[in-house]
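Inspection log for the structure reproduced underneath, given as structure tokens.
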Amino acid sequence: MIPFIDLNRNQLKLHKLWLQKVEKHLLSSNFIGGKEVEILEKTLSELLKIKNVITCANGTDALQLSLRACNVSEGDKVVVQDNTFWATCESIFNVGAKPIIIDIEENYASIDTGLLEDTIKKYKPKAIIIAHIYGWSSNNLSQIRELCKIKKIPLIEDGAQSFGTEYLNLPIYSDAFLSTTSFYPTKVLGAAGDGGCVFTNDQDIANKIRKLANHGRNNQFQHDLIGWNSRLDNLQAAYLNLALEVFPNKLKSRRKAQNQYLQKLMVPQLQSSQDFFDNAYCQVCLFENLNIRKKVISALEKNNIGYSIIYPTPISEQKALKGLTIKKNLKNISREFCKRVLSLPLFPYIENKELNLIIDIVNSAYLD
Ligand SMILES: Cc1ncc(COP(=O)(O)O)c(C=O)c1O
């Protein structure tokens, strides 16, 4: 059996070190905020070459904090792409705004730049969220950043899946106006629970986000803003600080696995453009149609090999949107995409013999 994700490979040492830290912090009752959070934010700031790093409770909150910091509220319109995890869109509703859902372009499964320009002209959105799905992003990322700057529309980059990715030789977050990540355990940098983070070089936005995530607090009993509690706890920060020490090896192992798939699979696969040094968050087969995908899925199931369909339903077709009037600018690309994608196991320290077995099974079923 090969699972889709195995988070336990080579983790024993990290677990032991974390338990020692947990004991230390328990004895000193050091639970919220504190030294570990400070160290984490400083390390991330240096690693990702970005001035402000604000940790928070999870990746969805990171998006909501970003939207609130850009003054998005009741009745505002926010652009979101049709192919992403539901939380990207959910965050818009949670600050009282409404999404305008636009389609992706096929080659990189990222927001369609033409439709985005068209939507900006037509609806003048208050903010735009793009999601760096599968670990990479639009081939036109620089152009999208520039467009938003010119139009003075804040661009929020949902980077929950792109930790470790480099764009034009820099960490992908470093040149973004505002970007976010999630430390959900299965992410490239995952915690031992929930966690998230906002990245920005803008000092005013950073100050506001820090306040919003801590009850809008100025000091202990003074509240300048209506925020909420979205603090990362010290024990998760302690885990992440340890995880960052082994992060380069884990990333290397993911990239090696991704390269094996790219070299040996006969099935067409999604790839990032040359501008990205891909973090290998996710492998994506792109089948010609549903029937070929079905054939490969039955071979995987027969051999007890995990897989995932990311995503089976576009945002625009989620049940939660039923009965709501939502503006859309779609070309049917995301919907068709959902019928064709399939992701194979890709996690740190997956072994060569496992990869070869998966590749053989998928190739035989595909060519059959
Ligand atoms: C693209 C994307 N956005 C947002 C999130 C939400 O992150 P969290 O689960 O930490 O709230 C995720 C996590 O799965 C994600 O993949």
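All of the numbers you see were taken from the coordinates with simple rules; none came from a lab. As the structure is a computational prediction, the values presented were derived from the model and not from experiment. Because the Cβ atoms are built from the backbone with ideal geometry, glycine has one as well, and the counts that use them run over all protein chains shown.
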FRET efficiency for F93 and E38, using Cβ-Cβ distance with R0 set to 30 Å, rounded to 0.05: 0.35
Among D112, D233, D204, residue whose mean-square fluctuation peaks in a GNM of the chain (springs only between Cα atoms under 10 Å): D204
Sparse-neighbourhood loop sites, chymotrypsin sites (Phe, Trp or Tyr not before Pro) in the range 41-103 - DSSP loop, at most 13 other Cβ within 10 angstrom: none
Cα gyration tensor category, rounded, prolate or oblate, for the range 1-134 with a/c compared to 1.5: prolate
Euclidean distance between Cα centres, the range 117-162 to the range 293-311, Å: 33
Sites L26 and N107, calculated FRET efficiency, Cβ-Cβ separation with R0 56 Å, nearest 0.05: 0.65
Cα Rg over Rh - the range 247-367, Kirkwood: 1.02
Cut-off of 10 Å, at most 11 other beta carbons, DSSP loop: longest stretch of the chain lacking such GluC sites (Glu not before Pro): 75-287
Antiparallel bridge percentage (DSSP; both residues within the chain; nearest 5): 55
Cα gyration tensor category, rounded, prolate or oblate, for the range 140-226 with a/c compared to 1.5: oblate
Highest-MSF residue in the chain out of I133, I305, I100 [GNM, Cα springs under 10 Å]: I305
Likely footprinting exposure, R340, R335, R9, fewest C-beta neighbours within 10 Å first: R9, R335, R340
Extension reserve of the T186-K327 stretch, reckoned as 0.36 nm per residue once the Cα distance is removed: 47.5 nm
Label-point gap, in nm, between Q269 and N201 - each point 7 angstrom along Cα→Cβ: 3.3
Potential lengthening between D6 and D118 on full extension [0.36 nm per residue; Cα-Cα distance subtracted]: 36.1 nm
The chain shape via C-alpha gyration tensor axes, a/c threshold 1.5: oblate
Label-point separation in nm, K302 to K13, each point 7 Å along Cα→Cβ: 4.1
Inter-site label distance for W86 and E146 at 7 Å from Cα along Cβ, in nm: 3.8
Additional length obtainable on full extension of the chain from R217 to K353, 0.36 nm per residue less Cα span: 43.6 nm
